[in-house]
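Below is one structure; the comments refer to it alone.
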Amino acid sequence: MTAKTRTQAKAKDQSSGILLRYRDRDTPYGVSRKTTSKLAKTLGLTETQVIHVALARLASQTLPRYEPDDGPLTERQARAIRKLVPQGEMTDKETLF
């Protein structure tokens, strides 16, 4: 790797980072540096790892884990499904509730 390539790689790494500004005190939407440090010591992680763990947990709780569907079935699709289901064993319901 040449010096120019290393410089370009380093610049690329730095541009993909973000600036994190800690709060003066803990709030529902931010934490202080003191809290992050306590978490790091308690968990045996670095402060950066604590931030990644927190973001990973937020992502798993918030973001859908599946692709969005195409919406409700058309009448044609519903008829096709009814045709495939053995009659008398199951009933269909148009709504969940």
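Laboratory data are not the source of any read-out in this text; all were calculated from the coordinates shown. Everything quoted here is computed from the prediction, not taken from an experiment. Positions of Cβ are backbone-derived with ideal geometry, glycine not excepted, and every protein chain shown enters the neighbour counts.
Exposure proxy check: Ile51, Ile18 ranked by fewest other beta carbons within 10 Å? Provide the component values of the computation, followed by the final result.
Details: Ile51 17, Ile18 5.
Lowest to highest Cβ neighbour count: Ile18, Ile51.
What size of dipole, in debye to the nearest 20, comes out for the stretch 9-63 about its Cα centre when the only charges are +1 on Lys and Arg C-beta atoms and -1 on Asp and Glu C-beta atoms?
Details: 10 positive and 4 negative charges, 26 e Å.
Computed charge dipole of the stretch 9-63: roughly 120 debye.
Return Ser60, Ser32 ranked ascending by Cβ neighbour count within 10 Å, so the fewest neighbours appear first.
The most exposed by this proxy come first: Ser60, Ser32.
Grab the other residues whose beta carbon is less than 13 angstrom from that of Gly30, score K and R as +1, D and E as -1, and report the net.
Working: positive: Arg21, Arg23, Arg25, Arg33, Lys34; negative: Asp24, Asp26.
Within the 13 Å Cβ shell, the charges total +3.
Ranking Leu43, Leu63, Leu19 by Cβ neighbours within 10 Å, fewest first, what do you get?
Numbers: Leu43 11, Leu63 7, Leu19 4.
Exposure proxy ranking, most exposed first: Leu19, Leu63, Leu43.
What number in nm² do you get for the stretch 9-63 if you take the convex hull of its Cα atoms and divide its surface by four?
Working: hull surface 20.2 nm².
Mean projected area of the Cα convex hull: 5.1 nm².
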